[in-house]
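Here's the structure we're looking at; comments come further down.
The values are calculated or read from the model by the stated rules, or taken from the named source; none is laboratory data. Keep in mind that what you see is a predicted model, and the values were worked out from it rather than measured. Please note: Cβ atoms are built from the backbone with ideal geometry, for glycine as well, and neighbour counts cover all protein chains shown. These area figures cover heavy atoms from the full protein model, side chains too; ligands, DNA and RNA do not enter into them. Shrake-Rupley method; radii C 1.70, N 1.55, O 1.52, S 1.80 Å.
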Amino acid sequence: MTSSTPPDEPTYADRTYRSGAAMVAGVLLLLLIAWLLGDALFTGEGRAPWQALSATALVAPLVIALTLRPAVLAGTRRILVRNPFRTITLPWSAVEGIRAAYSTELYTTGGTKYQVWALPVSLRDRKRALRQSTAAQRGGGLAEGQVRPAAADQAVSELRQLAHDDAELRAAAASQGIAAPGGPEVSASVRWAWEIIAPAVAGAIALAVLFATG
């Protein structure tokens, strides 16, 4: 009897992509917010502590959303894009392409476009890679194989390769009449980040009430 799934299929951990600069900026901003909040709580008078708490509830989630939250997790069967206020999960079969021009964008086979916040495009980094590549072709500087591409371009290239590998695996499995390796295909989904939105909205409402009744 033929098994419906190939035995001993290797499994791989997700590749994770984040912006290091954004994470550093986020941590520094959160430390600044914490310092300002502590100062208001211990030395503030009247409504100042409550205003500081409300402002923190509004600003801190936004800082987290824009700096620490964005990430891309890419596995053998699907890609997960975590943007500031939404999380997009797609099987590779639903991905039409990923492009990095002035920003990194993911296109679905249904015609939807999503911006990928975790992969910012640095024109300076791209120009640096171009200069190194030009110098290598002319026989100066680094060898051609040693030129490091821009970070966003490198990530996009790796993601495209994952999509290509998944397409080949699915095609091979279909030709053999077996299930594709890596488990069942995930369904496409888009989820709002209510853990970010809810406290920010609550903080904004509380801050508005404090100022309106002050």
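A few points about this structure:
- Against the numbered list (1) at pLDDT 90 or above; (2) open to solvent by 30 Å² or more (accessible area, probe 1.4 Å), Glu185 comes up short only at (1).
- Scanning segment 85-109 for residues that are in contact (Cβ under 8 Å) with a residue 40 or more places away in the chain, open to solvent by 30 Å² or more (accessible area, probe 1.4 Å) and not charged (D, E, K, R) yields a total of 2.
Okay, residues lined up against (1) hydrophobic (A, V, I, L, M, F, W, C); (2) free of Cβ contacts under 8 Å to residues at least 24 places away in the same chain:
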{"site": "Thr16", "(1), (2)": "no, no"}
{"site": "Gly46", "(1), (2)": "no, yes"}
{"site": "Ser54", "(1), (2)": "no, no"}
{"site": "Val63", "(1), (2)": "yes, no"}
{"site": "Asn83", "(1), (2)": "no, no"}
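- For segment 84-132, a residue qualifies if it is among the polar types (S, T, N, Q) and in contact with a Gly (Cβ under 7 Å, 6 or more places away or on another chain), and exactly one does: Gln132.
- Qualifying residue in segment 24-42 (condition: in a loop (DSSP other than H, G, I, E, B), modelled with pLDDT under 95 and over 23 Å from the mean Cα position of the chain (by Cα)): no
- From Leu53, Leu62, Leu80, Leu58, residue being modelled with pLDDT of 95 or more and over 25 Å from Ala212 (Cα atoms): Leu80
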